[in-house]
Amino acid sequence: MIVGFWIAATGLALVLFLTIHLGGVGMALVNPTGFERYATSLHQQAWLPWLEVALLAAGLGHPLLSLHRARANRQARGPAAGPLRSRRQGPSETLAALAAQLTPWSGSLLLLFLALHLAQLRWQRPADGAELAGVLAVLQAPWWLALYAVAGAAAGLHLLHGAESAVRRLGWLEPANAAVLRLVGRGLALLLGAGFALLPFALVLRSAGPLLAGG
Ligand code: HEM
């Protein structure tokens with residue numbers, strides 16, 4: 001019970017981070033100067049290291065607790081038991097069921113992506129004013145571009161199942177509000193998944209814009 005609570009709480013904290021992160025990196029597309037100012041000012045904040053420690057705890061705690069719960073569930077249900085299936089019908093339910101089955105895979109891919117992503121853009125931080133150049137240097141390589149897009153899609157898929165699972169686990173999902181909460185969760189999954197999957201391409205195309213126009 002307490003494990004389920006912490007899986008849900010750390011998951012929702014990570015969703016909050018991802019929403020802010022998409023807003024921050026999305027600024028690089030519409031307002032590059034504002035993006036550089038935002039990145040520089042973020043790194044001058046005394047609270048940033050504390051926030052990063054909390055983020056690290058959530059980022060490591062979430063998969064470790066999930067792994068622990070999956071093992072405990074398997075032992076309790078036995079090897080013959082199959083995955084739980086929803087009785088609701090429709091294309092979005094089929095996608096949600098697929099997302100639920102793929103949760104361990106999408107989560108593992110996100111962990112692998114995060115190790116590479118942090119090594120590229122956080123542990124070796126570009127100089128102030130060169131944040132966008134650092135991002136573009138990474139995204140110029142087709143393999144990295146593809147990995148960023150796949151990781152974005154994996155985040156959306158992971159959330160498609162995770163958002164509903166978290167509110168259910170926290171006891172917030174009730175017959176009266178289930179449809180609204182489900183819609184909000186799926187909308188957020190779509191927004192973050194599509195946003196992180198498409199933004200890398202948009203950034204590369206935008207940086208190539210002057211070249212394509214011959215400027
Ligand atoms: C379009 C795709 C993305 C871009 C362009 C991007 C860009 C960046 C940049 C520039 C940083 C360094 C920030 C700084 O030092 O101030 C960063 C940090 C980070 N990114 Fe991303 N990111 C993307 C997608 C993702 C995704 C999908 C995740 C999670 C699955 C993620 C998780 C993180 C984390 C945890 C940090 C460290 C935050 C911190 O320590 O302050 N990013 N990202």
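The values are calculated or read from the model by the stated rules, or taken from the named source; none is laboratory data. A quick note: this is a predicted structure, and the numbers were derived from the prediction, not measured. Counting neighbours? That spans all protein chains shown, and the Cβs are built from the backbone with ideal geometry, glycine included. Surface areas here come from the heavy atoms of the whole protein model, side chains and all, with no ligands, DNA or RNA. Shrake-Rupley method; radii C 1.70, N 1.55, O 1.52, S 1.80 Å.
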For peptides 107-113, 174-180, 5-11, sequence by mean Cβ density within 10 Å, most packed first:
5-11, 107-113, 174-180
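First check a/c for the stretch 107-215, with a ≥ b ≥ c the square roots of the eigenvalues of its C-alpha gyration tensor; if it is under 1.5, answer rounded, and if not, answer prolate when a/b is larger than b/c or oblate otherwise.
On the way: a/c = 2.97, a/b = 2.05, b/c = 1.44.
Prolate.
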Ranked output for segments 183-195, 41-53, 118-130, 19-31 by mean other Cβ atoms within 10 Å, highest leading, reads 183-195, 19-31, 118-130, 41-53
Angle between the Cα long axis of helix 178-212 and the longest principal axis of the chain, 0 to 90 degrees, nearest 10?
20
In terms of the Cα gyration tensor, with a ≥ b ≥ c the square roots of its eigenvalues, is the stretch 117-161 rounded because a/c is under 1.5, prolate because a/b exceeds b/c, or oblate?
prolate
Prolate/oblate/rounded call for the stretch 1-57, Cα gyration tensor, a/c under 1.5 rounded
oblate
Any idea of the accessible area per residue across the chain, 1.4 Å probe, to the nearest Å²?
63
Can you send over the solvent-accessible area of THR33, 1.4 Å probe, protein chains only, in Å² to the nearest 10?
90
Give me the log10 of I(q) over I(0) for the stretch 6-134 at q = 0.18 Å⁻¹, as the Debye formula computes it from C-alpha points; what are the numbers?
-1.13
Can you tell me the convex hull volume per residue for the chain, based on C-alpha atoms, in Å³ to the nearest whole number?
152
In whole percent, how big is the carbon plus sulfur part of the accessible area of the chain, probe 1.4 Å, protein atoms only?
72
Just to verify a number: FRET efficiency for LEU170 and ALA127, C-beta to C-beta distance, R0 = 35 Å, to 0.05?
0.25
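Once you keep just the Cα pairs under 8 angstrom separated by 6 or more residues, what percentage relative contact order results for the stretch 83-168? Kindly include the intermediate steps, with their values, before the conclusion.
On the way: 42 pairs, mean separation 40.3, N = 86.
Over the stretch 83-168, the number comes to 47 percent.
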In nanometres, what is the gap between the two model label sites at ALA46 and ALA141, each 7 Å from Cα along Cα-to-Cβ?
3.9
Stretchable slack from ALA179 to MET1, in nm (0.36 nm times residue separation minus alpha-carbon distance)
61.6 nm
